[in-house]
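Take a look at the structure set out below.
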């Protein structure tokens, strides 16, 4: 059989693993695809760098555009990341009828529509399993296995760096800064950790997941995003004392009437008995709740060279098979055309700790304020006395707008000395 | 668009849910497929039975063969179960170029080769996601997402009935008989529970999983099978005391040299800290260990009408899309052509409790016997005194043959009054 030629864009942590696997598993891949794969070239920013791969140096090029438009190239793998030049290169390749496998969550969440449109026009495949939750098969199950079901909610831990940091804070009592520093030392966090700790990475993934789950077009701009930089050791400890753990969650949920959905990334308290509470270190796990299937969970390594390369290779086999069969995989599905509702419309619950004056009537005043905003209280507990008096309140479900308005007014209440912490509560409904 | 016509074989728990979903989600399914689906007929054993579906009674027929061979039928869904007439009907349909979606694990494990061959010749699809672990997307991830990786091991709980029984025994201290009775009352176990409690159902699923994981042909006859009927409340309690829980596991593992594999279904002790230990009631969960992806876990409802129907519908959408595109999904992949090795070659660990005479030299004699068989001991503990003296031993990894031979000789040792329990230990390597 004539080999299928593969162009690789990027030769970093993931790219080198892709090359290694294409080499080590060449015979298996050929048998599974029905034709051998051949590496046509590897686009890099700089030549002559020492790289951890054994391939013909002549395969390296700095001219990515020339590589992806070569007539003999069938499939392009993009693992550069970022918006440009990735977008231009992918569109170039797709426009020429090539199939593309990408791990680029940021680009898909920013401008997936352009890529999908180019794939449709060029009649090629655009696969991106590696863009969310690394090695965990998640997009294909959503896109194909659950194609006959009605997905109600996707809720998960999709960023390993922040999970590592929060896990360290939970197990050792470390501050955010110390835990981040440890994560950086161990290579779990980058020198500039903004994309992870501010939730940008998770938000991009949430947008991709919501688009697939709800058959609609979703971009990063639709995602309400809060990071973990404000989480203190005290927040973590008081969650722990109540039997909760703080996780950075990505949540995509249909509204009750099914006519819109919410997409959000923020830290939340979940009960320690919840399966996501047991997701340690840099692991990822995602719950999918569908009408007929019920609750499903997917767990595994969400990042790293080899796990991400595994997902890339799975897609590579699929698009290669499709090319041999002269067909394409499932297209982007946006027929439902639902929109994201504002965060204020999202229904959630809240944990709030108030430093209060320790005198009769305080609880009544606080309770009255919650009632005014139609927020009902599930539990309230007073801790400490005198100047240390603290009211710890957990609400029932209410809109985020009502909860926010309540918190706002609480800050102005004379009997409240300070709102010590506010955190959404998820996973026990 | 011209509708795709679907014939349904069987109208039991799963079949009625398939009909309901095809009706309730008709618009979504049409949008996702690109053409509407139309129910062409439903084959049942007896007409006139009251059924929980609202469809035109004229669609029911007892002539399944005539239904699956009708020229206008595009896709056949088989949810009758059992070997015949399911096999004949599926082969009839496939031979006429129709695509088939089936949930029939027993048939696939008994004679999958015949079905796959018919699909190949007829140029149609044979999809069977629902045959293993109900709603949990597991076969598609193995077959497609991990197509670029090297699967080393699949280990999981794939039978909900036995998990329900073992979970009850663990949480309430009930005997096997009482727990089974409760499972039957609640509808988790059938009147004749043999297929579940003797491990036949799990063994069929293990054969299917091993075939996909190792790209080889595997049948139920290749699976070493032990059920849970011999498990006593004492076994469960003593596992609990040691921090273990007993689960019925399906394990497919490559040999260390990669040239063969073992497939087995048997009860085993796993550490309470292992994620599978937390799988309660009738839930299923499967670990997949691949070279690059690392450890992945899939969790969800492994049985039931709606969850199984969700998996059937996912496959239905896939084969319908393939028909419209004039293509087929991935074929059976058996190129690796590995064989299952005998159970004796499998490497595992053992927990054994011995009622012994309480006198000096007993441990030395016992230890000597283990050493003779090259089985090294990890921990040994004496419990009780005098006539109640018991030695509880956990071994290191050894071949099952060596472990069995050791147990055999222990029974004959004069200082051993009885081998109180023997159980394999998994999940802490």
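The values are calculated or read from the model by the stated rules, or taken from the named source; none is laboratory data. Because the structure is a prediction, the values reported are computed rather than measured. As a convention, Cβ positions derive from the backbone with ideal geometry for all residues, glycine included, and neighbour counts pool all protein chains shown.
Candidates A:98, A:121: the one that is over 23 Å from the mean Cα position of the chain (by Cα) and farther than 16 Å from residue A:68 by Cα is A:121.
Which residues, taken from the stretch B:174-192, are out of contact with any helix residue (DSSP H, G or I) (no Cβ under 6 Å at 6 or more places or on another chain) and either in a loop (DSSP other than H, G, I, E, B) or surrounded by 24 or more Cβ atoms within 10 Å (Cβ to Cβ) (or both)? Listed by number, the residues that qualify are B:186, B:187, B:190, B:191, B:192. Determine whether residue A:304 is without any contact (Cβ under 8 Å) to a residue 24 or more places away in the chain and more than 30 Å from residue B:19 (Cβ to Cβ). Against the criterion (without any contact (Cβ under 8 Å) to a residue 24 or more places away in the chain and more than 30 Å from residue B:19 (Cβ to Cβ)), residue A:304 does not qualify.
When restricted to residues that are buried (at least 18 other Cβ atoms within 10 Å of the Cβ) and more than 25 Å from residue A:216 (Cα to Cα), the stretch B:19-48 contains 7.
With respect to the stated conditions, residue A:32 is within 19 Å of residue A:3 (Cα to Cα) and in contact (Cβ under 8 Å) with a residue 12 or more places away in the chain. Within the stretch B:349-365, count every residue that is at pLDDT below 95 and within 22 Å of the chain's Cα centre (by Cα). Within the stretch B:349-365, residues that are at pLDDT below 95 and within 22 Å of the chain's Cα centre (by Cα) number 0. Has the stretch B:12-21 got any residue that is free of Cβ contacts under 8 Å to residues at least 40 places away in the same chain and within 19 Å of residue B:317 (Cβ to Cβ)? Yes; the residues of the stretch B:12-21 include at least one that is free of Cβ contacts under 8 Å to residues at least 40 places away in the same chain and within 19 Å of residue B:317 (Cβ to Cβ). When you scan the stretch A:301-318, do you find a residue that is buried (at least 21 other Cβ atoms within 10 Å of the Cβ) and on the phi > 0 side of the Ramachandran plot, even just one? Yes, the conditions are met somewhere in the stretch A:301-318. Kindly establish whether residue A:216 is over 20 Å from the mean Cα position of the chain (by Cα) and touching a residue at least 24 places away in the same chain (Cβ under 8 Å). No.
The set of residues in the stretch A:268-313 being outside any helix (DSSP H, G or I), at the interface with chain B (Cβ under 7 Å from one of its Cβ atoms) and closer than 30 Å to residue A:7 by Cα consists of A:300, A:301. So, residue A:119, is that one touching a strand residue (DSSP E or B) at 6+ places or on another chain (Cβ under 8 Å), within 14 Å of another protein chain (Cβ to nearest Cβ) and either in contact (Cβ under 8 Å) with a residue 60 or more places away in the chain or assigned to a loop (DSSP other than H, G, I, E, B) (or both) or not? So residue A:119 fails the test. All of B:265, B:245, B:319 fail the test of being within 13 Å of another protein chain (Cβ to nearest Cβ), closer than 26 Å to residue B:135 by Cβ and not in a loop (DSSP other than H, G, I, E, B), apart from B:319. Only a single item in (1) under 21 Å from the mean Cα position of the chain (by Cα); (2) under 30 Å from residue B:258 (Cβ atoms) is not met by residue B:103, and it is number (2).
The set of residues in the stretch A:141-173 being under 20 Å from residue A:263 (Cα atoms) and in a helix (DSSP H, G or I) consists of A:141, A:142, A:143, A:160, A:162, A:163.
May I ask you to verify whether residue B:324 is within 18 Å of the chain's Cα centre (by Cα), in contact (Cβ under 8 Å) with a residue 12 or more places away in the chain and either more than 9 Å from chain A (Cβ to nearest Cβ) or closer than 26 Å to residue B:149 by Cα (or both)? Considered against the rule, which asks whether it is within 18 Å of the chain's Cα centre (by Cα), in contact (Cβ under 8 Å) with a residue 12 or more places away in the chain and either more than 9 Å from chain A (Cβ to nearest Cβ) or closer than 26 Å to residue B:149 by Cα (or both), residue B:324 comes out as no. Test residue B:233 against the criterion of being on the phi < 0 side of the Ramachandran plot and more than 18 Å from the chain's Cα centre (by Cα), and give yes or no. Criteria met by residue B:233. Every test in (1) part of a loop (DSSP other than H, G, I, E, B); (2) within 14 Å of chain A (Cβ to nearest Cβ); (3) at pLDDT 95 or above is passed by residue B:133 save one, and that test is (3). Given B:131, B:145, B:99, which one is without any contact (Cβ under 8 Å) to a residue 24 or more places away in the chain and surrounded by 16 or more Cβ atoms within 10 Å (Cβ to Cβ)? Sole residue among the options that is without any contact (Cβ under 8 Å) to a residue 24 or more places away in the chain and surrounded by 16 or more Cβ atoms within 10 Å (Cβ to Cβ): B:145.
Of the listed requirements (1) in contact with a strand residue (DSSP E or B) (Cβ under 6 Å, 6 or more places away or on another chain); (2) under 30 Å from residue A:274 (Cβ atoms); (3) assigned to a helix (DSSP H, G or I), residue B:210 misses just one: (2).
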